[in-house]
Amino acid sequence: MTMHVSVTVNGETYDVSDVEPRMLLSDFLRDRLGLTGTHVGCEHGVCGACTVLVNGDSVRACLMLAVQANGAEIVTVEGLGSPDELNVLQAEFREHHGLQCGFCTPGMLMTGEDLLRKYPLATDDDIREGLSGNLCRCTGYQNIVAAIRSAAAKRTEKAS
Amino acid sequence: MSSDRRASPSDVVRPRNVGAPIKRTEDPRLLTGNGEYTADRKPDRPLHLAFLRSGQPHARIVRIDAAAARQAPGVVAVFTAEDIADDFKPVVPFSRMPNYYATPILPLASGKVRYVGEAVVAVIATSRYLAEDALDLIDVDYEPLGALARAELALADNAPLLHEAAGTNVLIAREFRKGDVTADLAAATVRVAGRFEMTRKAPLAMEPRSYAAEYDKRRDAITLYTSSNIPGIVRDAVSESLGLSGHCMRVVAPDVGGSFGSKGSLYPEELLICIAARKLRRSVKWTADRLEDVSSSSQAFAEIVDAEMGFDANGIATSLQADVIGDVGAYSIYPWTCGLEPVQVVSFLPGPYKIGSYRGAVRGVATCKPPTGPYRGVGRPISTFVAERLMDLGAAALGIDPLEIRRRNLVRAEEFPYRIASGIIWDKAGFIECLDAAAEAAGYDRLRKEQAEARKQGRLFGIGIASYAELTGIGSRIAVAPGMPINTGSETAKITIDSTGAITAAFGVASHGQGLETTLAQIVADDLGARFEDVRVIQGDSDEVPMSTGTYASRSAVLGGGAAKHASKILREKIKRVASHLLEANADDIEVTEGKAVVLGTDRAVSFKQIAKAVYSDMKTLPVEAREELSATYTYDPVNGTTAAATHIAAVEIDPATCFVRILKFVVAEDCGRIINPMIVDGQVHGGVAQGIGAALFEELIYDEDGQLLTASLVDYMIPSAPEVPVMDVVHVESESAVAGGFRGMGEGGTIGAPAAIANAIADALSPLGIGVSILPMTPERIFRLMEQAQIKRKADE
C-alpha cells in the first residue's frame, strides 16, 4: 500500500504519490524531495541533526512518518538563507565559528530558530538547556551558544 | 622532497592572512544545506546495500541460507563471503614490529565471526527499506566458540583462540627500556603506584560512516565517495585489493561529518561496496545506521595500566615503569595495526617530563569486540591520565603543590631538543610557559583559597592539572604507527593559475571539519601573493595529487601547510619571471601581492589574469621559452615533525547527594606554534576538551560477558550535550616550530589533556574522603560506589 502526500516545504508545494506509510519524514525530504540539507545522525530521535520546523514547531524528522506530514507546512535548512544571503542566525554561526564539520548544523539552526522565536533566552544556560537535544561532536558548543546569544541580541535590537 | 629549513629573510613574505581569524570558506554551503556529504550523493539509479551482521561474539559459520532473501522484492543480489571469494585479495595490515600478528581484512566474515556487529551477508536492493526487509529472510547457523569478552580472559592458558593462525590471542607485544628502573625505584624516597584504566570509548562522529561506489560503465571505473579522512590510503588499498589501476579507482572524501579517528582506517564495507558495484555494474550506496556505526566503527582506549613512579626527596621523578594490557578487539586495522593505540601508551608515558629510567611493556590482546583504532589523541589520553595521576600522588606523598612538582619535572626551554626515556625527541616547545600561563589564567592561587573555604563548608571542591606534549606533523623518519610500511611523512600541494587567471590549490589532505579549505588558502594567499578569496582549495580527492594519505595525527597544518608554502614560492618566482618580460623590469624588482605583480616603488603592475593571458593565449607578447606553465607542485616532508604542548587546569565540584561532577572552570594554555587562524584553533581546543570531558565523565562502551554491546544507542552511550560542557578559556603560547611556517599540529590536544585534568580534579575533591581516581569515566555511579566504600572503611576504622 502506498499513499499520497501533499506538503509545503520552504514555501513550495509538493504532491507526491507512491509514499509508503512506513517512510520516515527524514527519508522523504532527502530521497523523494532531494532536500539533503536535513541530515540523519541517529534515526532514534536523540542527536537532533534532522530537526525541521513542522507547522512552526521544531520536530525530529526521523521520528515522524512522511504521511503524518500530509497537509503540513515544513521549513528545512534550505528555507532559511542562501550562500549569498545567509539569514541572521546562519550569519552569526559563521561569525562565531559555530560549526566545524557542519553535520549537526542544520539541526542546530532549526532548533535555534525555534528557540529564538519562542523563548526570551535570558541567560546562556537557557540557550544550553534549549540545545540539550542537539548533539555536536566538534565545537564543544561554546561558539554555538555565542552565535545564538548574538542572534538573540540582534532580535532584541530589531524589536526595540 | 626537501628537509626542514628555516625561511631565510628573502623568503619572508608579509603575513596578511596567516594569523587572522578569517571566516571560513566552507561555511556558506554548510549553513544552507548545500554541503555534500557522501549520503547526499545522487548517482544514476543507485542500488542500496544492507548488511546482516553477526549477533554472535565468536562462532563458526555453519550454513547461510539466503534463498528467500534472493527472491525478496527489490533484491538485486545477495553476497556471502563465498560469493565474492574471487573478487579481491585480503588487505593485510603489515608491520615490521616483532611479536605482531597481522590479521587479514576481508569484506565479509569468512568461516567464522569474531565480534557482534561483524558483517556476514550483504544484500543489494533497489531501496534501503527493501534491502533491510530482505535481511530478515536470511538464516545463519552458528556454532558458538566461546566469547572472549575481556583481555584478561583472552590471556588465560585455556582461552579459545580468536585467530588460530596467530597461535595466541596476544596480537602485539613490545617493551621499551632505559636505565635501571628497578634500582632507581628501590633508591627512590617516595614510590607511588596504581592500576589505571580507561574504558572502551566510541569516537562517535555525528555523521555515521557512509559510502557510495559510483560505477562508470564506459571505463569499468569506480569512484568511491567515502566519509573517510584517509581517501588516498583507501584508494591505494582498494586498488590493490581489487586489481584496479589507480586511474580506474578514484576515492573522494566530499564533505565529511567528523571522524575523530573513526573514519581513519580502511573498512570492510569500503571493499565490499566497490566489489558489489563492479560485479553488478551499477552504483551502490550505503550509510550506517547509528547501531551499525557504534558497533562496527573502530573504537578507542580499552587499556589497563599498572604503573609505578619513583621520586627523590626534592620531588624529581627518577623512575617510571608500566605494564599495559590493551583490549584491541577482533582485528588489526589497516593501515595502522592494532599496535597503534596501546603501543603509543608506552611510547608517550614519560610525557613532557625528565624521568631518568623507564620500563614500559605492552600487550595488545584480541577480544570479541570491534577493532580499536585511531582516536583523537591516540594513546596519549591514557598515558597522560596515568602520568598525571602519578605526579599528583607523588606531590601528595611529598607534600609538594601539584603545580610546583610539574615545574620541577618538565623539560625546560634550554634543554630542548630533549629525548625522553621512551626515545621520543621533543622539539623546542613551551612546556613551562604553558604551565605558567594556565596557572595564571586559572587564577591558581585564588582557586586554592576558594578550595580551602569550600572545604571548611564540607564541599567537595577539587582542582586538577594536566601537562602533556605530543608529536605532531610527523615526517618520514618516524612511522605514525609502529613499523607501518606506508609513507605518512609527506604531503603534496599542486597550485595552478589557469588561462582565466584563477588560482586552484590541490592537496591530498582531507578535511572533516578542521576548515582546511580556509587555512590552506590563507597560507597560499600570503606566500603566492594572492587575495584570499581568489584561492580555491581542493582536497580529499585521490585524483588531484599522485599520492596522498589524508588528514590524521595533527599533520595537515604542518605537512599541507609546508607543501603550500613551498609550491607557492615556486609559482611566485614563475609569475615574477613572466611579469619581468611584461613590465620590462628585473624580476628581483617585482613584488607579487594581492593577485598582481608590481614593480617595486612604481604603479606599474600586471594582474594574474593578464599574466595568464600572456602565457597561455596571447602568442605575441612572450618569447616561446618564457611561456612557462603557471603551476607548481611540491611534496613536503618535515622529516622529524614537531612537538605541541599544553597544560589544562580544571576546577570541579561534586554533589555528594547525586555524585554528579560539575566543572566550574576549565583553562587550556597551549603551544601550537604559529597560529594560522586563531578562530579555528580555539574551536579545535573547545571540541577536543568536550570530547575529553566525555571520556572523563560519561562515555563508556559496555560489553557484557557474552560480548554483547549494552550501550549501542545514543541514549545508553552518552556524549556531552550543551549543558554538560563548561565555558572554556583558551590561552595561546605561540612559539614558532622549526618546520616551514613555524606551525605545529594541534587538532588532538584537547582530548589528551582534559581527561587527566578532570581526573586529578575529582581526586582532589574527594581526597578529604581518602578516595583516589584510577578509572575513567568517573560516572556518578562509580563516584557513589567509591564514596560508599570509603564510608564503610571509615566506620570499620573507628
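Every number in this text was worked out from the coordinates using simple rules, so none of it is lab data. All values derive from a computational prediction rather than experimental measurement. Ideal geometry is used to build each Cβ from the backbone, glycine not excepted, and the neighbour counts take in all protein chains shown.
Write down the Kirkwood hydrodynamic radius of region B:651-722, to one decimal in angstroms, obtained as one divided by the mean of 1/r over all alpha carbon pairs.
For region B:651-722, inverting the mean 1/r across all distinct Cα pairs yields 15.0 Å.
So which trypsin sites (Lys or Arg not before Pro) in region B:40-80 end up in coil per DSSP with only 11 or fewer other C-beta atoms within 10 Å?
When the trypsin sites (Lys or Arg not before Pro) of region B:40-80 are filtered for loop state and at most 11 Cβ neighbours within 10 Å, nothing remains.
Once the Cβ-Cβ distance between B:ARG627 and B:ASP588 is put in as r, and R0 is 30 Å, what FRET efficiency do you end up with, to the nearest 0.05?
0.90
What is the distance in Å between the Cα centroid of region B:309-328 and that of region B:538-555?
Using only Cα atoms, the two centres lie 38 Å from each other.
Using the eigenvalues of the Cα gyration tensor, what equivalent ellipsoid semi-axes result for region B:412-525 when each is taken as the square root of five times the eigenvalue, whole Å, largest first?
So the three semi-axes of region B:412-525 are 43, 23, 14 Å.
If each DSSP helix of 4+ residues adds -39,500 (n - 2.57) and the sum is divided by the residues in chain B, what number results at 222 nm, nearest 500 deg cm²/dmol?
Result for chain B: -8000 deg cm²/dmol, rounded to the nearest 500.
Quick one: divide the alpha-carbon radius of gyration of region B:112-202 by 2.2 N^0.38 Å and tell me what you get.
With N residues counted in region B:112-202, Rg over 2.2 N^0.38 Å equals 1.86.
Using a simple spin-label model with points 7 Å from Cα along the Cα→Cβ vector, what separation in nm is obtained for B:ALA796 and B:ALA397?
Each label point lies 7 Å from its Cα, and together they span 2.3 nm.
So, in Å, what gap is there between the alpha-carbon centers of region B:59-75 and region B:77-106?
Result: 22 Å between the Cα centres.
Using C-alpha positions alone, give me the convex hull volume of region B:435-477 per residue in cubic angstrom.
82 Å³
Looking only at region B:171-212, which residues have a backbone nitrogen under 15 Å from a spot 7 Å from the Cα of B:LEU155 in the C-beta direction?
Under cut-off, by backbone N: B:171-175, B:194-198.
When the chain is fully extended, how far beyond the present Cα-Cα distance does B:THR182 get from B:ALA67, taking 0.36 nm per residue of separation?
35.0 nm
What does the convex hull of the Cα atoms of region B:324-443 come to per residue, in Å³, rounded to a whole number?
Normalising the Cα hull of region B:324-443 by residue number yields 131 Å³.
Based on Cα positions only, what radius of gyration and what Dmax would you give for region B:453-574, in angstroms?
20.1, 75
Show me, for region A:126-139, the HN-Hα J-couplings you get by feeding each phi into the Karplus relation (A = 6.51, B = -1.76, C = 1.60, θ = phi - 60°), rounded to Hz, glycine and proline as x.
In residue order, the calculated couplings are 5, 5, 4, 4, x, 8, 5, x, 10, 9, 10, 9, 9, 8 Hz.
Along each principal axis of its Cα atoms, how long is region B:194-238 end to end? Whole angstroms, biggest number first, please.
63, 22, 11
Round to the nearest 0.05 the FRET efficiency obtained for B:ARG459 and A:THR123 when R0 = 22 Å and r is the Cβ-Cβ distance.
Computed FRET efficiency for B:ARG459 and A:THR123: 0.40.
Hey, can you grab everything whose amide H is under 5 Å from the amide H of B:GLU491? Only 5+ residues off in sequence or another chain; H modelled, so Pro and N-termini drop out.
The list, which skips near neighbours in sequence, is B:TYR636.
Regarding the protein assembly as shown, what whole-number volume in Å³ per residue does the convex hull of its Cα atoms give?
188 Å³
Diagonalise the Cα gyration tensor of chain B and give the resulting equivalent ellipsoid semi-axes, square root of 5 times each eigenvalue, largest first, whole Å.
For chain B, the semi-axes come out at 43, 38, 22 Å.
At 7 Å along Cα-to-Cβ for each site, give me the label-to-label distance between B:ASP86 and B:LEU710 in nm.
Result for the modelled spin labels: 4.8 nm.
As an exercise, take the mean of 1/r over every pair of distinct alpha carbons in region A:38-83, invert it, and state the Kirkwood radius in angstroms.
Kirkwood hydrodynamic radius for region A:38-83: 11.1 Å.
With a cap of 14 neighbouring Cβ atoms within 10 Å, and only residues DSSP puts in a loop, list the GluC sites (Glu not before Pro) found in region B:631-706.
Those satisfying the criteria are B:GLU705.
Taking the alpha-carbon centroid of each part, what is the distance from region B:148-165 to region B:739-777 in angstrom?
Answer, in whole Å: 32.
Beta carbons within 10 angstrom, averaged per residue: use that to sort the peptides B:131-138, B:760-767, B:676-683, highest first.
The packing order, highest mean first, is B:760-767, B:676-683, B:131-138.
Only sites in a loop by DSSP and with at most 13 other Cβ atoms within 10 Å count here; which GluC sites (Glu not before Pro) in region B:553-600 make the cut?
Counting only loop positions with at most 13 other Cβ atoms within 10 Å, the GluC sites (Glu not before Pro) in region B:553-600 are B:GLU584.
To one decimal place, what orientation-averaged projected area in nm² is obtained for the convex hull of the Cα set of region B:380-443?
5.0 nm²
How big is region A:88-159 along each principal axis, measuring the range of its Cα positions in Å and listing the largest first?
Between the extreme Cα coordinates on each principal axis of region A:88-159 lie 33, 22, 17 Å.
Between B:ASN314 and B:ALA166, what is the label-point separation in nm under the 7 Å Cα-to-beta-carbon projection?
Modelled inter-label distance: 4.6 nm.
For region A:3-79, compute Rh as the Kirkwood radius over C-alpha pairs and then the Stokes-Einstein diffusion coefficient at 10 °C and 1.306 mPa s; write the answer in µm²/s, rounded to an integer.
In µm²/s, the coefficient is 133.
From the alpha carbon gyration tensor of chain A, can you work out the equivalent ellipsoid semi-axes (sqrt of 5 times each eigenvalue) and give them in Å, largest to smallest?
28, 16, 14
Charges on Cβ only, +1 for Lys and Arg, -1 for Asp and Glu, centred on the Cα centroid of the protein assembly as shown; of B:SER127, B:ILE84, B:ALA614, which one is farthest towards the dipole's positive end?
B:ALA614
Compute the label zone of B:ASP655 within region A:123-154: residues whose backbone N is under 19 Å from the point 7 Å along Cα-to-Cβ.
The answer is A:124-133, whose backbone nitrogens lie closer than 19 Å to the label point.
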